[in-house]
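*Asks:* There's a structure below that I have some questions on.
Computed from the coordinates by the stated procedures, all read-outs in this text should not be read as laboratory data. From a predicted model like this one, the values you see are computed outputs, not experimental measurements. We place every Cβ from the backbone using ideal geometry, glycine too, and count neighbours over all the protein chains shown.
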Amino acid sequence: MLTREGSLVVEAINSAQSLFPWLLRGVDFDNDSAFMNDVVVPWCREQKLEVTRSRAYKMNDQAFVEQTNGAVVRRLMGYGRFDGVETARMMGRLYAAARLYVNFFQPSFKLKKKRREGAKVIKRYHLPSTPYERALAHPKVTAAVKKRLRDQYRSLDPVALLAEIRVTQEELGNRVDRRAGQARGLQPAHTSTLPATAATFAKTLGKTVTVGEPRATHRRTRRPYKTRVRMPSKLDPHIAAIEGWLAEQPQLTALAIVGRLSEKYPEEFEDPFGVERADANE
């Protein structure tokens, strides 16, 4: 969404419902004002949608939101800031490809049961499967929906979807923090190195991992360090003498060095502890 507004959230939920093969039963929010307002919550109740939210004054307390946000969204988008209508369209392309790739081709574990033995918790999981396979195995999904899912699965190419994900990530990597970076003159333009076709991209799979190429959306802009100006010190004219003293007596303490300097240059150095204490340390 381009702006944080309740009516746009309602439109987004309706758009998401059109993509699901079954009806929504509930929605999980955090305490963001874009969700918890007098537009979204009453609409959800009219639609018989169960609404859950975080605890009061706890923005990151919604486990359902944060789990998916970390497992899917942040791995795709990183943590950068994006701005502009064209960037929003590019994000829509990325999410459209990632939705199909994750739901149809990415298997995951689901907890089957767990039991506690003293302080130890033993967990057992179902065999890894994709959300698509779980939908086909679910007894309450209708035959018409399962047929539609099978037809959609046959029309998909995982390599083409992954190539689309990489292309959009590369473009978003060029746009991340662009407004702030251009204002400060710190954001370099990244050149695209992705292959033009899915077949060419397939040949590179398995090689970029060994090279360690980061995702474009996870690139961190190298900002030049500020040049720190070294403040002048009154010890600078006496560095050579101090080094000579340390060469002769490596065990010489800083207090003794200050004592010697205060003896030779009393107008420059004051010895708050007295010369006798400095001599005693020698």
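*Asks:* For the stretch 102-109, in order, what is each residue's ³J(HN,Hα) by Karplus, 6.51 cos²θ - 1.76 cosθ + 1.60 with θ = phi - 60°, in whole Hz (x at glycine and Pro)?
*Replies:* Taking θ as phi minus 60°, the curve returns 5, 6, 9, 10, 10, x, 8, 8 Hz for the stretch 102-109.
*Asks:* Give the aspartates and glutamates whose C-alpha is closer than 13 Å to that of K234, dropping any in the same chain fewer than 8 places away, or say none.
*Replies:* E267, E268, E270
*Asks:* Let me ask something else about it. When the Karplus curve 6.51 cos²θ - 1.76 cosθ + 1.60 is applied with θ = phi - 60°, which whole-Hz ³J(HN,Hα) does each residue of the stretch 40-52 get, with x for Gly and Pro?
*Replies:* Each residue of the stretch 40-52 in turn: 6, 5, x, 5, 4, 5, 5, 8, 6, 9, 6, 10, 10 Hz.
*Asks:* By the gyration tensor of its Cα atoms, with a ≥ b ≥ c the square roots of the eigenvalues, what is the shape of the stretch 1-78: rounded for a/c under 1.5, prolate for a/b over b/c, or oblate?
*Replies:* Since a/c stays below 1.5, the shape of the stretch 1-78 is classed as rounded.
*Asks:* To continue, here is another question. Which one, S15, V41, S54, projects farthest toward the positive side of the charge dipole computed for the stretch 1-61 from Cβ point charges (K/R +1, D/E -1)?
*Replies:* Selected residue: S54.
*Asks:* What residues have an amide H closer than 5 Å to that of V27, excluding those fewer than 5 places away on the same chain, when H is modeled at 1.01 Å from N in the peptide plane?
*Replies:* Distant-sequence amide H within range of V27: E50, V51, T52.
*Asks:* Sticking with this structure for a sec: If packing is taken as the average number of other Cβ atoms within 10 Å across a peptide's residues, how do 98-105, 16-23 rank, most packed first?
*Replies:* On the way: 98-105: 18.4, 16-23: 10.8.
By packing density, highest mean first, the sequence is 98-105, 16-23.
*Asks:* Under 24 Å Cα to Cα from K140, which lysines show up? Leave out anything in the same chain fewer than 8 places away.
*Replies:* Result set, ordered by chain and number: K48, K110, K112, K113.
*Asks:* Sorted by packing (mean other beta-carbon atoms within 10 Å per residue), highest first, where do 85-92, 160-167, 114-121, 137-144 land? Don't skip to the answer; put the middle values down first.
*Replies:* Working: 85-92: 13.5, 160-167: 19.9, 114-121: 7.5, 137-144: 9.0.
With the highest mean Cβ count within 10 Å placed first, the list reads 160-167, 85-92, 137-144, 114-121.
*Asks:* Compute the signed sum of charges (Lys and Arg +1, Asp and Glu -1) over the other residues within less than 13 Å, Cβ to Cβ, of F35. If you can, show how the numbers build up before the last one.
*Replies:* On the way: positive: R4, R53; negative: E5, D28, D30, D32, D38.
Result for the local shell: -3.
*Asks:* Just add up the charged neighbours of L149: K/R +1, D/E -1, any other residue whose Cβ is under 13 Å from the Cβ of L149.
*Replies:* Details: positive: R134, K146, K147, R148, R150, R154; negative: E133, D151.
Surrounding charge for L149 is +4.
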